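Single-structure report; data block below.
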Amino acid sequence: MRPRNRRSSVYPEEMVQPMREELTSLGFSEMRTPEEVDAVLGAARGTALVVVNSICGCAAGKARPAVALALSHRVRPEILATVFAGQDREATARARAYFTGYGPSSPSIALLRDGKLVFMLERSNIEGRDPQDITEELREAFDRFCAPAGATAAG
């Protein structure tokens, strides 16, 4: 485990580790520093799904399950990456800088193409919704933005 500044974390790491693993077990890369964010998103070609993870109930009951279901779709982003709000604050702030036109929101789910934001679900688009509805919206975004050139975007 890499050394961390404990003062930058809101919750004990052992408490959030299972929440991190819900995404890393799906193939998400964790971006824990601003430099890691820039290395992944700054040079990204193609599509990248970025989940701003959170300890809150709507992340646990809606965002993470919806993302897991959406990734079983036939069309999906090339890069899967995540930051954890409240834990890796500098990395989260750097990731949010790529979400042009949107303020801080956690959880949130962003889709970037060639480093530019093309789709965003903020907390207000996640809480109060069924995970299956969020899944369908993500799959529609995958079809629209991740489908290979010339392919039909049928779901």
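The values are calculated or read from the model by the stated rules, or taken from the named source; none is laboratory data. What you are looking at is a predicted structure, and each value in this text was computed from that prediction instead of being measured. Please note: Cβ atoms are built from the backbone with ideal geometry, for glycine as well, and neighbour counts cover all protein chains shown.
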Tell me whether segment 56-74 contains one or more residues that are modelled with pLDDT under 95, of a type in the set (Gly, Ala, Ser) and out of contact with any Cys (no Cβ under 9 Å at 6 or more places or on another chain).
yes
Cross-chain or 6+ apart pairs with Cβ under 7 Å, segment 88-108 first and touching a residue at least 60 places away in the same chain (Cβ under 8 Å), then surrounded by 13 or more Cβ atoms within 10 Å (Cβ to Cβ) and acidic (Asp, Glu):
Ala91/Glu36; Arg94/Asp38
Of the residues in segment 106-151, those that are in a loop (DSSP other than H, G, I, E, B), touching a Leu at 6+ places or on another chain (Cβ under 9 Å), over 13 Å from Pro65 (Cα atoms) and at pLDDT 95 or above come to none
If I filter segment 52-80 down to residues being in contact with a Phe, Trp or Tyr (Cβ under 7 Å, 6 or more places away or on another chain) and closer than 21 Å to Tyr11 by Cα, which single residue comes out as surrounded by the most Cβ atoms within 10 Å (Cβ to Cβ)?
Asn53
Do you know which residues across segment 111-120 are within 11 Å of the chain's Cα centre (by Cα) and either over 19 Å from Glu35 (Cα atoms) or surrounded by fewer than 20 Cβ atoms within 10 Å (Cβ to Cβ) (or both)?
Leu111, Met120
Among what's in segment 85-105 and is among the small types (Gly, Ala, Ser) and assigned to a loop (DSSP other than H, G, I, E, B), pick the residue that is farthest from Pro34 (Cα to Cα).
Gly101
Conditions (1) within 23 Å of Met19 (Cβ to Cβ); (2) more than 16 Å from the chain's Cα centre (by Cα); number of the one not met by Asp143
(1)
Residue selected from segment 9-54 under the condition at pLDDT 95 or above and part of a loop (DSSP other than H, G, I, E, B), by the criterion farthest from the chain's Cα centre (by Cα)
Thr33
